[in-house]
Amino acid sequence: MDFLIFIFKCFYFMLPAYLANMAPVLTKDHFKELKIPVDFNTKIDHETIFGRHKTFRGLIFGVIYAIITAFVQYLLYDVEFFRLMSLVDYSDWLLLGFLLGSGVVLGDLLESFFKRRLRLKPGKPFIPWDQIDFVIGAMIFVYPIYQLDLMKIITILIISFFLHISINHAAYYLKIRRVKW
């Protein structure tokens, strides 16, 4: 039972990052004026830097979703159950949300940069990087404030890997996403 609680604590800590990573899918039918590629379709060796699917809408809402989620966690921190399930004190919710969201977005952009250099098309599997790029970015950005030990880092990477695959497959079969990855 202690191990399941530990897994839940790791999941709960990363919840702002998970929602930040889902922001592009959740906002794809809204805010179309922000559907501007982050790289402005600039090319290196005939390939865009990040791809046309990496937009300012995803960047902005990724950070916003993470901040909102961290704020909700801050509000829930007064409830004993959530306080016991928290790895951190959420009094710095704005900073935590901003760092996790920014790390998610930049981790995903970095992975897209390498994917384009390898000439892999958007939506094509790039295992395990598709599943953990955003997590690595989030953990790097939050590290100066919240140093996670190695066991938490490994646990977060493992649960994120399987959670990402499961959620993307479910979204694909529910016709929310066009690709499984």
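Would you say LEU34 is over 30 Å from ASP2 (Cβ atoms) and modelled with pLDDT of 95 or more? Answer is yes for this residue.
Of the residues contained in the stretch 84-92, one or more are found to be without any contact (Cβ under 8 Å) to a residue 12 or more places away in the chain, closer than 27 Å to LYS9 by Cα and of a type in the set (A, V, I, L, M, F, W, C).
Search the stretch 23-36 for residues that are within 18 Å of ASN168 (Cα to Cα) and in contact (Cβ under 8 Å) with a residue 24 or more places away in the chain and pair each with any residue that is part of a loop (DSSP other than H, G, I, E, B) and among the β-branched types (Val, Ile, Thr) when their beta-carbon atoms are under 7 Å apart and the residues are at least 6 apart or on different chains. The qualifying pairs are VAL25/ILE176.
Just to be sure, is LEU94 surrounded by fewer than 17 Cβ atoms within 10 Å (Cβ to Cβ), within 18 Å of PHE56 (Cα to Cα), under 19 Å from the mean Cα position of the chain (by Cα) and of a type in the set (A, V, I, L, M)? The answer is no for LEU94.
I need the full set of residues from the stretch 53-80 which are more than 16 Å from ALA23 (Cα to Cα) and charged (D, E, K, R), in order please.
Within the stretch 53-80, ASP78, GLU80 qualify.
Only one of these is over 12 Å from the mean Cα position of the chain (by Cα) and of a type in the set (A, V, I, L, M, F, W, C): LEU76, LEU109. Name it. None of the others qualify; the one that does is LEU76. Quick check on LYS115: is it farther than 15 Å from ALA17 by Cβ and either at pLDDT 95 or above or among the basic types (Lys, Arg) (or both)? Yes: the conditions hold for LYS115. The one condition from (1) part of a helix (DSSP H, G or I); (2) in contact (Cβ under 8 Å) with a residue 12 or more places away in the chain that PHE126 does not meet is (1).
The values are calculated or read from the model by the stated rules, or taken from the named source; none is laboratory data. Computed from a predicted structure; not experimentally measured. Counting neighbours? That spans all protein chains shown, and the Cβs are built from the backbone with ideal geometry, glycine included.
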